[in-house]
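One structure is given below, encoded as structure tokens.
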Amino acid sequence: MNYKEATKTEMTFPDPELARTLFGVHNDHLHRIEETSGAKIHARGNSVTIEGDTVSAELASDILNQLYGLLKEGYPVYPKDVDYAANVLCRDNSVNLKDIFLDTVYITSGKRTIAPKSPVQKEYIDAIRKYDIVFGIGPAGTGKTYLAMAMAVAALSKKQVSRIILTRPAVEAGEALGFLPGDLAEKVNPYLRPLYDALHDMMSFEKAAGLIEHDVIEVAPLAFMRGRTLNDSFIILDEAQNSTSEQMKMFLTRIGYNSKAVITGDITQSDLPPNRTSGLAEAKDLLAEIKGIKVVFFTGQDVVRHRLVQKIIDAYEQKEKQDSEWKS
């Protein structure tokens, strides 16, 4: 078969209302699919005509078919979902989007569903369900912390744990903090702000504040974990690449009965001094083979932020590759 041969495919979607949702406002969804697939899509009523080479046309058809299947299941398809679906199927056309998108992790107070958006995200939440300790390693924007937070809130709401503990290293928790105004809590609060932001995205500010006030949810710097035993807890260590080897060992040995820990970070973005070993980089090799521990690796292809973030990451990775080749 000549995969560059031009082809034309016609598709009709039985439900006109779902078809309009599938196509998007002013056919915006179709334009997004065109950009990813390389095919041209022309809509008329509840039908489309797809033109392009065989590979492009088949990809566009598959994206539309699977998104329509999600709509029939009641899944709300937004522009960002179209981008995620198109990127996933562009990389692997054997993927069934329903297996990923319909795996609901948590429904927020605003009735918004939190679910995985890529095969690796699906692998990640399955690992969190199965294993007591999970490492999520990869670049920013891949949903490592956000999905872990959703799993933690879901576990708390189902009474699978009695509290959530969210922690991050404060890499400048030495002399630098002394020059900041306020007490210790106020000094370290800027380091913990991203965790609060994710939490408030999943429940109302009032509910979150009440749970924090009663220590059902604790947000604290990593140094505060020393000397404790954390039982019946869902614990998330974020930005773990900024933990030292000693801090990582301290944290992992705090985990008690009926507890689950998720450790997230990007080993390429450590803020530690050059002479200090990243606890995350060391742990991923040292502990990967231990039964009950799972390491999940994300890549730039799993980025679920603005569609330009993927391209920005790719551009920087390409530059780093060229710089490395030039130096060698």
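Of note:
- Amide H partners (placed H, <5 Å) of Arg163, local residues excluded: Phe234
- Seen against the Cα atoms of the chain and their longest principal axis, helix 144-157 is set at about 80 degrees.
- For the range 202-299, the list of GluC sites (Glu not before Pro) that fall in a loop by DSSP and count at most 15 other C-beta atoms within 10 angstrom reads Glu289.
- Spin-label pair Ala209-His31: with each label point 7 Å from Cα along the Cα-Cβ axis, the two points sit 4.1 nm from one another.
- For the range 79-152, a simple Cβ point-charge model (Lys and Arg +1, Asp and Glu -1, everything else neutral) yields a dipole of about 200 debye relative to the Cα centre.
- Net charge of neighbours whose Cβ lies under 13 Å from the Cβ of Ser61, counting Lys and Arg as +1 and Asp and Glu as -1: -4
- Under the Debye formula (equal points on every Cα, no solvent term), log10 I(q)/I(0) of the range 209-249 at q = 0.19, 0.20, 0.34 Å⁻¹: -0.67, -0.73, -1.33
- Solvent-accessible area per residue for the range 91-177 (1.4 angstrom probe, square angstrom): 42
- Taken about its Cα centre, the chain carries a charge dipole of roughly 600 debye when the Cβ of each Lys and Arg holds +1 and the Cβ of each Asp and Glu holds -1.
- Pairs beyond 31 Å (Cα-Cα), from Lys122/Lys321; Lys144/Lys319; Lys72/Lys291: Lys72/Lys291
- Nearest-0.05 FRET efficiency for Thr108 and Glu10, computed from C-beta distance (R0 25 Å): 0.05
- Accessible area (Å², 1.4 Å probe, nearest 10) - Lys158: 130
- Whole-percent pair-distance distribution, where bins are 10 Å wide, for the alpha carbons of the range 1-151: 11, 37, 31, 16, 5, 0
- Overall, the anisotropy analysis places the range 221-290 in the prolate class: the square-rooted eigenvalues a ≥ b ≥ c of its C-alpha gyration tensor yield a/c not less than 1.5, with a/b exceeding b/c.
- The C-alpha atoms of the chain occupy a region whose extents along the principal axes are 66, 53, 43 Å, arranged from largest to smallest.
- Unit charges at the beta carbon, dipole of the chain: most positive-side option, Gly141, Leu195, Leu89: Leu195
- Of all accessible heavy-atom area on the chain, the percent that carbon and sulfur account for (1.4 Å): 51
The values are calculated or read from the model by the stated rules, or taken from the named source; none is laboratory data. Just so you know, these numbers come straight off a predicted model, no measurement behind them. We place every Cβ from the backbone using ideal geometry, glycine too, and count neighbours over all the protein chains shown. Heavy atoms of the whole protein, side chains included, go into the accessibility calculation; ligands, DNA and RNA do not. Shrake-Rupley method; radii C 1.70, N 1.55, O 1.52, S 1.80 Å.
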